[in-house]
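Here is the structure we will look at, set down as structure tokens.
The values are calculated or read from the model by the stated rules, or taken from the named source; none is laboratory data. All values reported here derive from a predicted model rather than from experimental measurement. So basically every Cβ, Gly included, is an ideal-geometry build from the backbone, and we count neighbours across all protein chains shown.
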Amino acid sequence: MKILVCISHVPDTTSKINFTDGDTKFDTNGVQFVINPNDEFGLTRAMWFKEKQGATVDVVNVGGPETEPTLRKALAIGADGAIRVNTPATDGFAVAKQLADVIKNGGYDLVIAGRESIDYNGGMVPGMIAGLIDANFVNNCISLEVDGTNAKAVREIDGGKETVSTTLPLVIGGQKGLVEESDLRIPNMRGIMMARQKPLTIVEPNGTTTETTTVKFEKPAPKGAVKLVSPDNLDELVNLLHNEVKVI
Amino acid sequence: MSVLVYTESEKGNFKKIALEVASYAKAVANQMGTTVTAITINANDTSELGKHGVDKVLKVNNPKLDTFNAKTYADIIKQAAEKEGSKVVVVSSSADSKYLAPLLAVQLHAGYASNVVAAPTSASPFTVKRTAFTNKAFNFTTIDTDVKIVGVSNNSFGLVENSGSASAEDFSPSILENGVHVDSVDKATNKVSIADAEIVVSAGRGLKGPENWGMVEELASVLGAATACSKPVSDLGWRPHSEHVGQTGKPVAANLYIAIGISGAIQHLAGINASKVKVVINTDPEAPFFKAADYGVVGDAFDVVPRLTEKLKEFKAQNA
């Protein structure tokens, strides 16, 4: 089985989010970038397929040279090879289109992407890839087993979960549950050394097509201070919720 | 040219978000000077849609469609969009709609903006405001394609009622077979789901153990709320994963979010920040959650929560 794990290069959760150039650009100054958490769950599940079922695992990112440390980290965790499509990730469709080409050229059976990135939260790349390569697709995937070309997956739905059976080629929109947080791996020194020897192939983009354009960013209005209510005066809390903000 | 809206139902009844996306579609139609057509799949009574801005309903009824299937449903919406010549398709942010929207986008060669929180700021270029950076910012995005798909963030636009009524028409699209088969659905039917809830009551490690969740459930039941929990609680196995809210769990965009014994790690706040009003109950006045909350009670949950539940019971009894 050939697995491709799509890796988004995103600001660490604790990053301060600021914008420059008249609020049109994300300010990367002082921001640490990491593997998108939803992708990391998928990568770790892919490692399981590699170790237990002999799968080969490549990772891919669409972006400029600044994303390579993130791909190297994925190699250090255990991926066999990395691909970087050398073009900025302008919108979800543009990224999906580049990834679809990588998948077609590489003959991958299973594509694991995170359900969404924690920066733009578009949540569209996995589904668009599936649509573009005409593969089966399971979103919000919290469990995945593959036996030959058959797959069983569990999808989180609103208020519960759903078990599905499907076949390869398959695209997964993954999230926590594919593996647990405690299963995530921190690269060790041997992994980091080995990652330096592993191939990181740079592919030039096959044209660019965007469908949407981010024109401006805005930060939420600063929040007022918390209004503290004494634990001995809970009537006041009920009153505020009812009369001041009218939520009950 | 009608704006097409996919109005989701469950067991024949519309979800609340269906009426919200219908209201949204009406706002878009007004901006564009056109009408609203809704597509429904196995819904019973569609008259409610007329009261929320829909002019015409395309009703699909087919027992083969009782179980949601993203690719098949996307294909039906595509057929409806083509029949209506729609330039804008509106969907919700339910798990099902977020699953089918990217597939529909590829089929319709349409640009898709998800997590949209307001009516378009401009119809040309078609510009929407959406959340990004996991609720730490907004971005204004233009959708540059001829056909556009808007995914409306739950609980962001609200319901708008008007006095209209909708005509209904049976619609029999071709049903696409596809390669993902649903084997079983495991869903709590007697509980409010986090996605549908207007109020969410959430608790964290401050509750000390799973045996203490009774008071959380009771508070939730008085408020008609969904229950949720922080990540450590689901990692410890005190509560099911499906209740974990936060960056890597479920997103919450409730009208009221009550956090009990949750310190407010940044990953947790990222997932719940879209909620309108946040109330925190915590013994530690230094807990970071107080900085993100609207109302706070510094106190012991074991003391405060049962008394708050009693107060709310009295309130409900008086206002019933």
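Would you mind telling me which numbered condition in (1) more than 8 Å from chain A (Cβ to nearest Cβ); (2) more than 28 Å from B:V277 (Cβ to Cβ); (3) in contact with a helix residue (DSSP H, G or I) (Cβ under 6 Å, 6 or more places away or on another chain) B:N178 fails?
Failed condition: (1).
Taking the stretch A:143-174 only, how many residues are touching a Gly at 6+ places or on another chain (Cβ under 8 Å) and facing chain B (nearest Cβ under 7 Å)?
Within the stretch A:143-174, residues that are touching a Gly at 6+ places or on another chain (Cβ under 8 Å) and facing chain B (nearest Cβ under 7 Å) number 3.
Which condition number does B:Q31 fail, the rest of (1) crowded, with 18+ Cβ neighbours inside 10 Å; (2) not in a loop (DSSP other than H, G, I, E, B); (3) not charged (D, E, K, R) being met?
Every condition holds for B:Q31 apart from (1).
For the stretch A:95-146, which positions are buried (at least 22 other Cβ atoms within 10 Å of the Cβ), of a type in the set (V, I, T) and more than 11 Å from A:L4 (Cβ to Cβ)?
A:V95, A:I118, A:V125, A:V138
Could you tell me whether any residue of the stretch B:83-102 is over 16 Å from B:V28 (Cα atoms), assigned to a strand (DSSP E or B) and within 8 Å of chain A (Cβ to nearest Cβ)?
No; the residues of the stretch B:83-102 include none that is over 16 Å from B:V28 (Cα atoms), assigned to a strand (DSSP E or B) and within 8 Å of chain A (Cβ to nearest Cβ).
Among B:S174, B:S165, B:S202, which is the only one that is surrounded by 14 or more Cβ atoms within 10 Å (Cβ to Cβ) and among the hydroxyl-bearing types (S, T, Y)?
B:S202
Tell me, yes or no, whether the stretch B:268-279 has at least one residue that is assigned to a helix (DSSP H, G or I), within 26 Å of A:D119 (Cβ to Cβ) and touching a helix residue (DSSP H, G or I) at 6+ places or on another chain (Cβ under 6 Å).
Yes.
Scan the stretch A:30-46 and tell me whether some residue there is among the hydrophobic types (A, V, I, L, M, F, W, C), within 13 Å of A:L4 (Cα to Cα) and in contact with a helix residue (DSSP H, G or I) (Cβ under 7 Å, 6 or more places away or on another chain).
yes
Looking for something under 19 Å from B:A132 (Cα atoms) and of a type in the set (G, A, S) - is there at least one such residue anywhere in the stretch A:6-20?
Taking every residue of the stretch A:6-20 in turn, at least one turns out to be under 19 Å from B:A132 (Cα atoms) and of a type in the set (G, A, S).
How many residues does the stretch A:147-156 contain that are closer than 24 Å to A:Q53 by Cα and surrounded by 20 or more Cβ atoms within 10 Å (Cβ to Cβ)?
Number of matching residues: 4.
When the residues of the stretch B:118-146 are narrowed to those that are more than 10 Å from chain A (Cβ to nearest Cβ) and touching a residue at least 60 places away in the same chain (Cβ under 8 Å), which ends up nearest to the chain's Cα centre (by Cα)?
My answer is B:A119.
Given the residues B:N42, B:N30, B:N62, which is the only one that is on the phi > 0 side of the Ramachandran plot and more than 18 Å from the chain's Cα centre (by Cα)?
Just a single option satisfies the conditions, and that option is B:N42.
Kindly list the number of the only condition in (1) within 12 Å of chain A (Cβ to nearest Cβ); (2) within 30 Å of A:V146 (Cβ to Cβ); (3) not in a loop (DSSP other than H, G, I, E, B) that fails for B:F68.
Here B:F68 clears every test but (3).
Are any of the residues in the stretch B:113-123 part of a loop (DSSP other than H, G, I, E, B), small (G, A, S) and under 25 Å from B:L19 (Cβ atoms)?
yes
Name the residues in the stretch B:69-87 that are more than 19 Å from B:S172 (Cβ to Cβ) and under 20 Å from the mean Cα position of the chain (by Cα), would you?
Residue satisfying the conditions is B:A70 alone.
From the list A:N188, A:N243, which one is within 30 Å of B:E314 (Cβ to Cβ) and more than 10 Å from chain B (Cβ to nearest Cβ)?
A:N243
Checking the structure you have, find out if any residue of the stretch A:205-214 is in contact with a strand residue (DSSP E or B) (Cβ under 7 Å, 6 or more places away or on another chain), more than 14 Å from chain B (Cβ to nearest Cβ) and modelled with pLDDT of 95 or more.
Taking every residue of the stretch A:205-214 in turn, at least one turns out to be in contact with a strand residue (DSSP E or B) (Cβ under 7 Å, 6 or more places away or on another chain), more than 14 Å from chain B (Cβ to nearest Cβ) and modelled with pLDDT of 95 or more.
Under 6 Å between Cβ atoms, at least 6 apart or on separate chains: pull out the pairs that start in the stretch B:293-320 with a residue that is under 15 Å from B:N212 (Cα atoms) and among the small types (G, A, S) and end on any residue that is at pLDDT 95 or above and part of a strand (DSSP E or B).
That search, which allows pairs on different chains as well, returns B:A301/B:I260; B:A301/B:I281.
Can you tell me how many residues in the stretch B:284-320 are facing chain A (nearest Cβ under 10 Å) and in a loop (DSSP other than H, G, I, E, B)?
So the answer is 5.
Can you tell me which residues in the stretch B:252-267 are without any contact (Cβ under 8 Å) to a residue 40 or more places away in the chain and either more than 10 Å from chain A (Cβ to nearest Cβ) or surrounded by 24 or more Cβ atoms within 10 Å (Cβ to Cβ) (or both)?
B:G264
Each row is one residue, and each column tells you yes or no for (1) over 30 Å from B:A137 (Cα atoms); (2) β-branched (V, I, T); (3) modelled with pLDDT of 95 or more.
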| residue | (1), (2), (3) |
| --- | --- |
| A:I129 | no, yes, yes |
| A:I133 | yes, yes, yes |
| A:V164 | yes, yes, yes |
| A:S182 | no, no, no |
